[in-house]
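Novice: Can you read through this structure? Questions will come right after.
The values are calculated or read from the model by the stated rules, or taken from the named source; none is laboratory data. Nothing here was measured: the structure is a model prediction, and the numbers come from that model. Neighbour counts are summed over all protein chains in view; Cβ atoms, including those assigned to glycine, are modelled from backbone coordinates with ideal geometry.
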Amino acid sequence: MKYLMYARSEFIRGFRYRANYWATVISAVALAVIQWYLWHAAYTDKDLIAGLSLDQVLAYTLIGRVAAGFLTAPTAALRIGSRVRTGAIVHDMVKPVDLHTQLLWQGLGRAGFSFVATGLPLLLAMAALGVLEIPSPGRLLLFLISLLMAYVTVFSTSFLSGVFTFYTKTAVGVDYVYTVVSLLSGEFLPLEFFPAWLRTAADYLPFKSMHYIPMAIWSGIAGPGEVVPSLISQCLWTLGMVAVSKMAWSGALKSLTVQGG
Amino acid sequence: MPYDASPVIVASNLSRYFRVRLDGENLKDRIKRFIKPQYRVVKALDGVSFSISQGESVGYIGLNGAGKSTTIKLLCGVLVPTAGTVTVNGLEPYRHRTATARRIGLMMGQRTQLLWDLPVHESFNLLGKIYDIKPDVFKANVKRLQDVLDIGPLWHTPARMLSLGQKTRCDLALTFLHDPSVVFLDEPTIGLDVLARERIRDFINEEKRRGVTIFLASHDLDDLEIVADRVMLIHHGKLLFDGTQDQLRQLAGGPLVNLEETVKRFYREAELG
Amino acid sequence: MGGMREPKLQESRLSSIWRHARLYYWYLRANWLSLWAYPVPFIMMNVAGIVYALGSVAAVWALFSKIHAIGDWTLPEVMLIYGLSIFSRSLFHLFWIELMNTSAMVKAGDIDRLLVRPLNPMYQLVAGYLDNDDWGELLTAVALVWTSLGMLGHRTVANVFWCLLASVSGSLIFASIHAVCNGMAFFTVETGGFSQLAWTTDEFSRYPADIYGKGVRALITWVIPVAFASFYPAQVILGEGRLRLIGLLSPVAAILSFAFAYWFWGKAMDKYQGVGN
């Protein structure tokens, strides 16, 4: 299957840069260390903050660091608008592949490399040190399914932002707006920490499928009764975001061919 | 043309090697080389010697990857030689980088010095400040370059709106703005149409007459035929030929009119050994 | 050759610095004019920057509204440290951001251009481009520092000036870290990871340095001195005794770290040029 080849070649590409790899590993470790100390300090004289225990918050944030590389917004998708503006898109359009699908798989290859080369060693190291506990096989499996869907949502959101820049005629600001999306996804903090109105907003937006749901499943923040409903809602959001981003893309292409760029 | 007897550029046994990391063919190889990298040495320039006098104009020809750009970078002080020595105006360029920089000009074809979003004159102003050019000299030079290259009408146009030919003319003017005594031109006419090319050749000839030493690397042998007194031919990092155009034709084995045929023949013979 | 001046072989260091300083105005001018060539994106960019800053404030607020204290530090104290950290960071972002572009410039061969001009290459790189889209974060930082000083009852003229000085010196520390990380571009082509590492280290400066273990604390004091960008300068206002004294030395730490980074960047550039092969 040709799309699998795209993923494979991006995966292999990761092995090209050696020194860069070590820098990535050190970054990941550093961020995990910060989280570990920060939350210990925050819980010095408390047992629960926002209804969560230290162990839950640590599990949530540390597995979040493990998954961070896997869930990084793919640059190629964010920059799709500039590919249109510069005319580089012509090269993509003459190929017999769907660009959305191609970038999805390429991004998956890159994310896969990041997970295998950086995330997994970090996870195993933390598990060996007893810093991070690995959940039961059932929960682990559900976490992995949820993580994969999270990637697809991250990709679709980036792609949609990228298409959006095609209409705004400039790519500036996308990264900033994306940061707000990251906040609402729960990447910086579990959603429990949000004030009520922001929590409500986050609950009704698709972004929590990008981070919160898988991490809540791993850390047990999502109780036994909540796992399946949140997976279902994540699944619906994922499909919805894929559909919306694809539609926006074909709309952009249509206006491109009509106006002639 | 009478040359100043003192050589302005002297290269002796000039060499430059690069170390290139090898990529694996397949995943297994890649992982292996990810853990333990392997390298290969590329001899971009390998023991080249020459001497160029003030006011001379030299055409530097070679195939892609022959070592043309590497040579220019060594002469400008961008790169340090792996072996051998080079002096420009009596100084080793990389050791006296700023002193050398004040007296040389470098133009790289299709890589503009213009400030992309600003009107052309802003680029000239900034470069004038960078090279610390006295206001009256700056004024006079701008006037002269505007006239010779006909860029006066472009003065208030943002650089991004210029055509390639217009951009190249502006870039040439920027290269000569600070009265360099030696100018290196790397593919200055690349991508230009015939008329634009002619204009640029005329300009270079004009600067030649003013006594500027010209070192011109180009694929376009027509450029060299008109501009260069002397031709140097480089192949796989070695100097194959250094002499006048007529000498080159004779060496290649016949009174061929066309320089291109001569050069092609030269390469073929070099490949055969 | 009309107007050609005999070049000075040796320029005194002082006159060279003065020449670079005067030129900075012309570089700034060119940068600003370039940004205003597209007024709409420029304004949008800063609006997006404010959205970003509000987002990050929301994150901090969400955190502090539930936590009230981190370790031994009360909310206003933590806010002051956090504020100084992003104050330094935004100043770095506004004036030093092009350091991040080293790798791209090496790949495109644009470094060569910097080397054939009679100016310091790092200066040309840094002065050559500004994106100016981080005023929002700067504003947020000022608000955090101002508010926390008020809450602490320490809003004196001296303290406000100290915070300004500390942030400038803090931005120099961040510049040092980014210069070293991005200087790696001269050794290895791909430096995305190093650049990311540089941005990661500034997260260490956001929280009180004594929440970390001894090892980490030594690391962020002596090796990657980000603690001098926020925690130690804050001690001049909050602390006493030895800790306060260390705080007063923050600008010295900044100058030393930049001197090292500058030396390293130069060495890395030597490597690119092939010195000592």
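Novice: Does residue C:30 meet the test of being among the small types (Gly, Ala, Ser) and modelled with pLDDT of 90 or more?
Specialist: So residue C:30 passes the test.
Novice: Within the stretch C:190-199, is there a residue that is β-branched (Val, Ile, Thr) and over 17 Å from residue A:27 (Cβ atoms)? Outline the logic, then answer.
Specialist: Of all residues in the stretch C:190-199, those β-branched (Val, Ile, Thr) come to C:191.
Next, only the ones that are over 17 Å from residue A:27 (Cβ atoms) stay: none.
Among the residues of the stretch C:190-199, not one is β-branched (Val, Ile, Thr) and over 17 Å from residue A:27 (Cβ atoms), which makes the answer no.
Novice: Continuing with this model, one more query. In the stretch B:159-177, what residues are within 12 Å of chain C (Cβ to nearest Cβ) and in contact with a strand residue (DSSP E or B) (Cβ under 7 Å, 6 or more places away or on another chain)?
Specialist: Residues satisfying the conditions are B:171, B:175, B:176.
Novice: Being within 14 Å of chain C (Cβ to nearest Cβ) and either surrounded by fewer than 21 Cβ atoms within 10 Å (Cβ to Cβ) or at pLDDT below 85 (or both), is that true of even one residue in the stretch A:84-96?
Specialist: yes
Novice: With the requirement that a residue be facing another protein chain (nearest Cβ under 9 Å) and touching a residue at least 24 places away in the same chain (Cβ under 8 Å), what does the stretch B:107-118 give you?
Specialist: Residues satisfying the conditions are B:108, B:113, B:115, B:116, B:117, B:118.
Novice: Ok, one more. Take the stretch A:17-42 and flag every residue that is surrounded by fewer than 20 Cβ atoms within 10 Å (Cβ to Cβ) and more than 7 Å from chain C (Cβ to nearest Cβ).
Specialist: Hits for the stretch A:17-42 are A:18, A:22, A:25, A:29, A:35, A:40.
Novice: Among the residues of the stretch A:49-73, write down those that are more than 10 Å from chain C (Cβ to nearest Cβ) and more than 22 Å from the chain's Cα centre (by Cα).
Specialist: Result: A:53, A:54, A:55.
Novice: With respect to residue A:67, is the statement that it is of a type in the set (Gly, Ala, Ser) and exposed (fewer than 14 other Cβ atoms within 10 Å of the Cβ) true?
Specialist: No.
Novice: So residue C:104 clears everything in (1) within 14 Å of chain A (Cβ to nearest Cβ); (2) exposed (fewer than 15 other Cβ atoms within 10 Å of the Cβ); (3) touching a residue at least 12 places away in the same chain (Cβ under 8 Å) except one condition, right? Which one?
Specialist: Failing condition for residue C:104: (3).
Novice: Assuming residue C:45 fulfils every condition listed in (1) more than 10 Å from chain A (Cβ to nearest Cβ); (2) of a type in the set (A, V, I, L, M); (3) in contact (Cβ under 8 Å) with a residue 60 or more places away in the chain apart from one, which condition is it?
Specialist: Result: residue C:45 fails condition (1) only.
Novice: Tell me, please, whether a residue that is more than 14 Å from chain C (Cβ to nearest Cβ), in contact with a Phe, Trp or Tyr (Cβ under 8 Å, 6 or more places away or on another chain) and surrounded by fewer than 19 Cβ atoms within 10 Å (Cβ to Cβ) can be found in the stretch B:220-240. Break it down into steps so the answer makes sense when it comes.
Specialist: Residues of the stretch B:220-240 more than 14 Å from chain C (Cβ to nearest Cβ): B:220-240.
Cutting the leftovers down to in contact with a Phe, Trp or Tyr (Cβ under 8 Å, 6 or more places away or on another chain) gives us B:231-235, B:239-240.
Cutting the leftovers down to surrounded by fewer than 19 Cβ atoms within 10 Å (Cβ to Cβ) gives us B:235.
Looking through the stretch B:220-240, at least one residue is more than 14 Å from chain C (Cβ to nearest Cβ), in contact with a Phe, Trp or Tyr (Cβ under 8 Å, 6 or more places away or on another chain) and surrounded by fewer than 19 Cβ atoms within 10 Å (Cβ to Cβ).
Novice: Tally time: how many residues in the stretch B:105-150 are at pLDDT below 95 and of a type in the set (Asp, Glu)?
Specialist: Qualifying residue count, the stretch B:105-150: 4.
Novice: Restricting attention to the stretch B:203-228, which residues are farther than 20 Å from residue B:242 by Cβ, modelled with pLDDT of 90 or more and assigned to a helix (DSSP H, G or I)?
Specialist: B:203, B:204, B:205, B:206, B:207, B:209
Novice: Every residue in the stretch B:89-106 that is free of Cβ contacts under 8 Å to residues at least 60 places away in the same chain and either facing another protein chain (nearest Cβ under 7 Å) or over 17 Å from the mean Cα position of the chain (by Cα) (or both), please.
Specialist: Within the stretch B:89-106, B:90, B:91, B:92, B:94, B:95, B:96, B:97, B:98, B:99, B:101 meet the criteria.
Novice: Next question. How many of the residues in the stretch B:178-203 are touching a residue at least 60 places away in the same chain (Cβ under 8 Å) and within 18 Å of residue B:111 (Cβ to Cβ)?
Specialist: Summing the residues that are touching a residue at least 60 places away in the same chain (Cβ under 8 Å) and within 18 Å of residue B:111 (Cβ to Cβ) in the stretch B:178-203 gives 10.
Novice: Going by the conditions given, is residue B:140 over 23 Å from the mean Cα position of the chain (by Cα), of a type in the set (A, V, I, L, M, F, W, C) and part of a helix (DSSP H, G or I)?
Specialist: In short, yes.
Novice: Another question, then. Say whether the condition of being crowded, with 19+ Cβ neighbours inside 10 Å, of a type in the set (A, V, I, L, M) and over 15 Å from the mean Cα position of the chain (by Cα) is met by at least one residue in the stretch C:145-156.
Specialist: Checked against the condition, which is being crowded, with 19+ Cβ neighbours inside 10 Å, of a type in the set (A, V, I, L, M) and over 15 Å from the mean Cα position of the chain (by Cα), the stretch C:145-156 yields at least one hit.
Novice: Return the pair list, or none, for Cβ contacts closer than 8 Å from residues in the stretch C:234-259 that are over 30 Å from residue C:126 (Cβ atoms) to residues that are among the acidic types (Asp, Glu), at least 6 apart or on different chains.
Specialist: C:238/C:77
Novice: Here's something else I'd like to know. What number of residues in the stretch A:33-67 are touching a helix residue (DSSP H, G or I) at 6+ places or on another chain (Cβ under 7 Å) and in a loop (DSSP other than H, G, I, E, B)?
Specialist: 3
Novice: I need every pair where a residue in the stretch A:81-93 that is within 12 Å of residue A:249 (Cβ to Cβ) has its Cβ under 6 Å from the Cβ of a residue that is assigned to a helix (DSSP H, G or I) and among the small types (Gly, Ala, Ser), sequence separation at least 6 or different chains.
Specialist: The qualifying pairs are A:81/A:162.
Novice: Return yes when residue B:221 is of a type outside the set (Ser, Thr, Tyr) and in contact (Cβ under 8 Å) with a residue 40 or more places away in the chain and no when it is not.
Specialist: Values: of a type outside the set (Ser, Thr, Tyr): yes; in contact (Cβ under 8 Å) with a residue 40 or more places away in the chain: yes.
Yes.
Novice: Let me ask something else about it. Does the stretch C:178-203 hold any residues that are within 7 Å of chain A (Cβ to nearest Cβ) and modelled with pLDDT of 95 or more, and which are they?
Specialist: The answer is none; no residue qualifies.
Novice: Would you pick out the residues in the stretch C:157-189 that are closer than 18 Å to residue A:26 by Cβ and crowded, with 16+ Cβ neighbours inside 10 Å?
Specialist: The answer is C:174, C:176, C:177, C:178, C:179, C:180, C:181, C:182, C:183, C:184, C:185, C:188.
Novice: Quick one: which helices (runs of 4 or more DSSP H) sit completely within the stretch A:135-240 and have at least 2 residues that are at pLDDT 95 or above and under 15 Å from the mean Cα position of the chain (by Cα)?
Specialist: Once the helices (runs of 4 or more DSSP H) in the stretch A:135-240 are filtered for at least 2 residues that are at pLDDT 95 or above and under 15 Å from the mean Cα position of the chain (by Cα), what remains is A:137-168, A:212-219.
Novice: Then there is this: In the stretch B:165-172, is there at least one residue being assigned to a loop (DSSP other than H, G, I, E, B) and at pLDDT below 95?
Specialist: Let us first name the residues in the stretch B:165-172 that are assigned to a loop (DSSP other than H, G, I, E, B), namely none.
There is no residue in the stretch B:165-172 that is assigned to a loop (DSSP other than H, G, I, E, B) and at pLDDT below 95.
Novice: Restricting attention to the stretch B:138-158, which residues are at the interface with another protein chain (Cβ under 8 Å from one of its Cβ atoms) and buried (at least 18 other Cβ atoms within 10 Å of the Cβ)?
Specialist: If the condition is that a residue be at the interface with another protein chain (Cβ under 8 Å from one of its Cβ atoms) and buried (at least 18 other Cβ atoms within 10 Å of the Cβ), then B:141 is the only one that fits.
Novice: Shifting gears a bit: Quick one: which residue in C:72, C:112 is without any contact (Cβ under 8 Å) to a residue 12 or more places away in the chain and either crowded, with 18+ Cβ neighbours inside 10 Å or facing chain A (nearest Cβ under 10 Å) (or both)? First the steps, then the outcome.
Specialist: On the way: C:72 fails: without any contact (Cβ under 8 Å) to a residue 12 or more places away in the chain.
That would be C:112, the only listed residue that is without any contact (Cβ under 8 Å) to a residue 12 or more places away in the chain and either crowded, with 18+ Cβ neighbours inside 10 Å or facing chain A (nearest Cβ under 10 Å) (or both).
Novice: Looking only at the stretch C:58-69, count how many residues are more than 7 Å from chain A (Cβ to nearest Cβ) and buried (at least 19 other Cβ atoms within 10 Å of the Cβ).
Specialist: So the answer is 1.
Novice: Still on this structure: Is there a residue in the stretch A:194-205 that is within 30 Å of residue A:256 (Cβ to Cβ), surrounded by fewer than 21 Cβ atoms within 10 Å (Cβ to Cβ) and either in contact with a helix residue (DSSP H, G or I) (Cβ under 7 Å, 6 or more places away or on another chain) or of a type in the set (A, V, I, L, M, F, W, C) (or both)?
Specialist: yes
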